[in-house]
Each structure stands twice: as structure tokens, then as C-alpha cells.
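The values are calculated or read from the model by the stated rules, or taken from the named source; none is laboratory data. What you are looking at is a predicted structure, and each value in this text was computed from that prediction instead of being measured. All Cβ positions, glycine included, derive from the backbone under ideal geometry; neighbour counts span all protein chains shown.
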Amino acid sequence: MIKRALEKLKINALNEMQHAALNVPKQSDMILLSATGSGKTLGFLLPVLGLLDEQVTGVQVLVLVPSRELAMQIEQVFKTMSSGFKVNCSYGGHSTRIEKNNLSQPPAVLIGTPGRIAYHIRHENFNTQNVQTLVLDEFDKALEFGFQDDMAFIIKQLPALKKRILTSATKMEQIPAFTGVTKPVEINFLKDAVSAPDLKLKSIMTTGEDKLEAVFALICKIGNKPTLVFCNHRDAVDRISELLYDMGLIHGVFHGGMEQEDREHALLKFRNGSTNLLITTDLASRGLDIPEIECVIHYQLPHNEEAFLHRNGRTARMHAKGTSYLMLTPEDRLPYLKEQPEIENLPDKIVLPKPTAWATLYIAAGKKDKVNKVDIVGLLLQKGELQKEDLGLIEVRDHESYAAVKRDRIGRAVQLIKDHKIKNKKVKIEISR
């Protein structure tokens, strides 16, 4: 089953951490410590796969995660594995009615945020009697977000629990007693992880009054390299976004104050290359399915070294190179830096980066309408007169789909296909704004 899952995921070989996780005895609790971007999701999903029993009905595995995006990401990975076992996802901002309906035919694997899973347990929307495996993914982050009470409540409702898996990108002083973890096997690859193997640190010297203009100049100097701009507060994200919008610079925004749909849309466009610039809070520093980042900008310095490492961990991953820029004012102190970063000078003349090569096409039909990637590719190549190289990443969701199309070809393609049917049904097709 594991071999087939890897084939479906198009993975030729597991890394050392994933091998180690697979070799943990089935009944032993496991603590999996490994850096962001190292493949922890497979590190726990593959062992979980070997624990599922076709003869058992109801939820067998419960995966608790600190964010909606991480829940959906894990669900997608599990679905791609094509194990034959049903999986569902529950999180705040999603319809409780739809989730309750999904749970009426319970999945073998249920993934969700602690608050929403606790809600379903309290309303008896699924039976917890057959849950034998619990995964607490990004456990330290879940504690940081204040989910301890919900997690403690959930664990008390799992009478048949035999195995607990905790994952984290940081080493914890001690594991809280409420988890029930006893004599765990610890897989610790943090000690082998180099936080920034090929990461250059550079500083931009500015003042509080000039900081906004300075980050704009830096963004323009970086150009079209995939870049994350980190802020400590949502209002700073919004201030930078307003300036970029006024200047006509295409970008995305991502923080906890946004509607879930808008957050997902921002990540989708960043993944498919329609935007190369994402202004965000630390919400995007861990656990999100976003592409390799070349540059990280710390518009506001994080409060501690751990957050600094997680932000920087979005770049220079898997043998790639990256640059981390620190926007420094005279008042800033850097207790977690061992040496002063090289100073980067900003250009006197600002030149706006050209728009990205890709734009996003929206199609108002998805999996529930029996539409798949093949249908979309066929429509765009045959009716939209596109070539294969004009098509990028395609994502098909339940009731909608998105396709990356070369920006200089997307307008004509929309005109050509707007009156055509997909799966014998006329649907709305337009350039995503």
C-alpha cells in the first residue's frame, strides 16, 4: 500500500526522517521533530496508512492541526495517495451543516482544527469509539494558538486510543500531560538541520518614517523573485498592501483577519505564479503548501529567534539558495543574530517589476460536477487554442477550478471558450481577479 501511495505522489524515495518514522513500532507513541519543509506530513501519514483497517467502520485516525490551510493540505496529500480509505476535513469558517452531512458517512481519517473537531464531538456528529490513532501536527503551534483546552477535551473522548503521534518543528521542554503520551519513540532531525544552509542575511537601514517607502524600493529591486514579506501585525500587512495597490504592483495578502476564501485564493495565486509577492503575518511561516521562496523580507522583526528561523525556513530549502532581508531602524536590537548582516543599498531610481508570466483562470465547476484536470486541459487546448506550454498549475476543488494560463494568452482564450460547455454544461469562465 505504501509503495502505491508513493507512486501516486510521484515520489521515488523517502528521506531519512520518513524512513525512521516508518520504522517506529506500530503501537509506540512517536514524537517527530523535523524542520519546516522537510516532509513531516508524509512522515506521519505513511505510518498511519499501515494502521488503517478495512474491516473497521467509522473514524480510525484523528489528525488535529492548528490551521485550516494545513488541514486542507494534509487532506489533499492523503487523497492523492489513493488508499481507498475515505478522508474528510473540518475547520472553522467551513459550513458545519456540510461537515455534519459528510460525517454521516464517517471517514476513516478525519483531519481538523481542535475547535471544530470539539464542536462535532459535543454535538455527537461522529462516533469516537473506534479512534485508535491520534496525530497532533505542529503541536507546538497549536499550543501557541491557545488550543490546549480543546485538545485536552478531545483526547478525553477517545477511549480506544492506542497510538499518539506528535509532530513539531521545534523541540519542547516537556510534553504536556494531557496528551497522554507515554514512553514515546523520538525521531529528532532538528539536531541535523541547518537553519539556513544557503541563506544570505542582508539588512536595509531605514527609519520608522521611511520604512514603508524603503520596503517598496526593496521589493522593486528584488523584482519577480518569489518573495514573502513578514509583518508582526495585520495592520502593517494592510498598509504595505495599500501602497503596492496604489503603485499598481500585483501582490497577494495573507493573514488571520481575512475570510477563509480570500486566504485560500491568495495562496492559490502564489502557488501558480500569478503573484510572486505575498505580504503576510507569521501565519505563513509554517505548514503551508507554498512554492520555493527566493527572498524573505522581515518588515517587522519577529519577537524571538524561533519565529525568525521559521520565517527564514520558507527559503533556502532542499538545497536551494535564498536571501533574508531585515528592515532595521536605529532602535532595533538583534539578540538572536551572531553577526551583523551585510547592508543592502536601495536604488535611487525605482523601476516597477513587470507583471508575472501567469494569470489565473476561474471555472465555476469542480469535482462535485464530475470535472477533472483532463476536462480542463482539453477545453483550453482544443477550444481555447492554447499550447501545452501556455498552461501551468491546475487546481480542481469541489465546486470550482483554477488554471494558470500565460498572461499574454489568457484574454483571447477566455473569449474563445466562454460559450463552450464543459461536461455538457455551460459554466461561468473568467479571469480571476
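Residue-wise test of (1) modelled with pLDDT of 95 or more; (2) farther than 25 Å from M72 by Cα; (3) within 24 Å of the chain's Cα centre (by Cα).
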residue	(1), (2), (3)
D398	no, no, yes
V405	yes, no, yes
V414	yes, yes, no
D419	no, yes, no
K426	no, yes, no
S432	no, no, yes
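Listed here are the residues, each with its yes/no results for (1) assigned by TED's automatic domain parsing to the domain that holds T170; (2) surrounded by fewer than 19 Cβ atoms within 10 Å (Cβ to Cβ); (3) modelled with pLDDT of 90 or more.
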site: S285; (1), (2), (3): no, no, no
site: L326; (1), (2), (3): no, no, yes
site: K349; (1), (2), (3): no, yes, yes
site: V377; (1), (2), (3): no, yes, yes
site: L381; (1), (2), (3): no, yes, yes
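Reported count of residues in segment 340-376, each being touching a residue at least 24 places away in the same chain (Cβ under 8 Å) and in a loop (DSSP other than H, G, I, E, B), is 19. Residues in segment 148-164 that are buried (at least 18 other Cβ atoms within 10 Å of the Cβ) and either out of contact with any Gly (no Cβ under 7 Å at 6 or more places or on another chain) or farther than 14 Å from T113 by Cα (or both): M151, I154, L158, K163, R164.
Does G84 satisfy the condition of being at pLDDT below 95, more than 27 Å from A307 (Cβ to Cβ) and surrounded by fewer than 19 Cβ atoms within 10 Å (Cβ to Cβ)? Spelling it out, G84 is indeed at pLDDT below 95, more than 27 Å from A307 (Cβ to Cβ) and surrounded by fewer than 19 Cβ atoms within 10 Å (Cβ to Cβ). Checked against the criterion of being among the basic types (K, R) and not assigned by TED's automatic domain parsing to the domain that holds V61, the candidates K171, K221 yield just one match: K221.
Among the residues making up segment 87-103, those that are surrounded by fewer than 22 Cβ atoms within 10 Å (Cβ to Cβ) and among the small types (G, A, S) are G92, G93, S95. Could you run through segment 250-273 and say how many residues are more than 17 Å from C295 (Cα to Cα), in contact (Cβ under 8 Å) with a residue 40 or more places away in the chain and in contact with a helix residue (DSSP H, G or I) (Cβ under 8 Å, 6 or more places away or on another chain)? Total satisfying the criteria: 3. Among the residues making up segment 207-249, a single one is part of a loop (DSSP other than H, G, I, E, B), buried (at least 19 other Cβ atoms within 10 Å of the Cβ) and either charged (D, E, K, R) or at pLDDT 95 or above (or both): C231.
Condition check ((1) touching a Leu at 6+ places or on another chain (Cβ under 9 Å); (2) outside any helix (DSSP H, G or I); (3) crowded, with 18+ Cβ neighbours inside 10 Å) across all residues:
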position	(1), (2), (3)
L393	yes, yes, no
H399	no, yes, no
G411	no, no, no
Q415	no, no, no
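Within segment 250-286, the only residue that satisfies the criterion of being aliphatic (A, V, I, L, M), under 16 Å from the mean Cα position of the chain (by Cα) and assigned to a loop (DSSP other than H, G, I, E, B) is M258. Note on segment 39-62: among residues that are charged (D, E, K, R) and without any contact (Cβ under 8 Å) to a residue 40 or more places away in the chain, the one that is nearest to D137 (Cα to Cα) is D53. Of all residues in segment 395-412, those being touching a Ser or Thr at 6+ places or on another chain (Cβ under 7 Å) and either β-branched (V, I, T) or free of Cβ contacts under 8 Å to residues at least 40 places away in the same chain (or both) number 0.
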